[in-house]
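These notes concern the structure reproduced below.
The values are calculated or read from the model by the stated rules, or taken from the named source; none is laboratory data. Just so we're clear, the structure is a prediction, and the values are computed from it rather than from any experiment. For neighbour counting, all protein chains shown are included, and Cβ atoms are generated from backbone atoms with ideal geometry for every residue, glycine included. Note: areas computed on protein heavy atoms with side chains; ligands, DNA, RNA excluded. Shrake-Rupley method; radii C 1.70, N 1.55, O 1.52, S 1.80 Å.
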Amino acid sequence: GYRIELTDLIVTADTPEAIAAGTSYENAGSGRSQGIDVMLAARAGRASGMATYSYLVTTRTNPLNEQFATTYAPGQDQRHTLGTSLEYQLTPRWRGTVRYSFHTGRPVSSIEPTADQLYLLTGLNDQRLGNFHNIDVRAEWRKALDNYRLSFYAEVLNVANFQSDFVPTASFDEDGE
């Protein structure tokens, strides 16, 4: 487990007037990161496996915010992360590995379209992307020489083609506008 306290983070006011007047930055922000990390690993004959779990809560505080909340979750605040892997040694030279990973969604800021086809920030990291899953598969060939070890592998990332629910917020015509 861990707890990290951050001080003197660089912040600025979030009001349109302050930004239009020429933003000034101050070392007035603070933050906290706290969580736990757990790992289990096992090996039995030709098979080995591993499981990891992390729980993380992070906050940042900007005392200069007037428009949005002064304390909010930053982008790296993923509450739950899980990873598992299973490796099997097919022959003395060949191994196969399957990895699964999962994490809860990252915070994102809400936006709303305006009449002139621009977007207006309406909330600071007040929403979360959906959960994300991933499966990777790897085949590996190894050979030990006198002073070196060789390893060649082919890996297919995101085999199931899981998609994030992140959607682009703007589209452009053929002129780039």
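Scoring 19-30, 147-158 by mean Cβ neighbours within 10 Å over their residues and listing the highest first yields 19-30, 147-158. Under the rule of -39500 (n - 2.57) per DSSP H run of 4 or more residues, summed and divided by the residues of the chain, what mean residue ellipticity at 222 nm is obtained, to the nearest 500 deg cm²/dmol? For the chain, the value works out to -500 deg cm²/dmol. Each of [x] 23.1, 70; [y] 18.4, 62; [z] 20.2, 57 is a candidate for Rg and Dmax of the Cα atoms in Å; the one calculated from this structure is [x]. Per residue, the chain exposes 70 Å² of accessible surface when a 1.4 Å probe is rolled over the protein heavy atoms with every protein chain present. Calculated FRET efficiency, T91 to N161, Cβ-Cβ distance, R0 = 35 Å: about 0.70 to the nearest 0.05.
Please compute the length gained on full extension between R138 and Q34, using 0.36 nm multiplied by the number of residues separating them and subtracting their Cα-Cα distance. Provide the component values of the computation, followed by the final result.
Values: separation 104, 0.36 × 104 = 37.44 nm, distance 3.31 nm.
Stretched out fully, the R138 to Q34 stretch lengthens by 34.1 nm.
Computed extension gain for L6 through L82, at 0.36 nm per residue and net of the alpha carbon distance, reaches 24.8 nm. For region 83-125, compute Rh as the Kirkwood radius over C-alpha pairs and then the Stokes-Einstein diffusion coefficient at 4 °C and 1.567 mPa s; write the answer in µm²/s, rounded to an integer. D, rounded to a whole number, is 88 µm²/s. Atom-type composition of the exposed protein surface of region 103-144 places 55 percent of the accessible area on carbon and sulfur (1.4 angstrom probe). Computed over all pairs of different Cα atoms, the Kirkwood value for the hydrodynamic radius of region 33-121 is 16.9 Å. The HN-Hα couplings worked out from phi for region 99-106 by the Karplus form 6.51 cos²θ - 1.76 cosθ + 1.60 (θ = phi - 60°) are 10, 10, 9, 9, 8, 6, x, 7 Hz, whole numbers, x standing for Gly and Pro.
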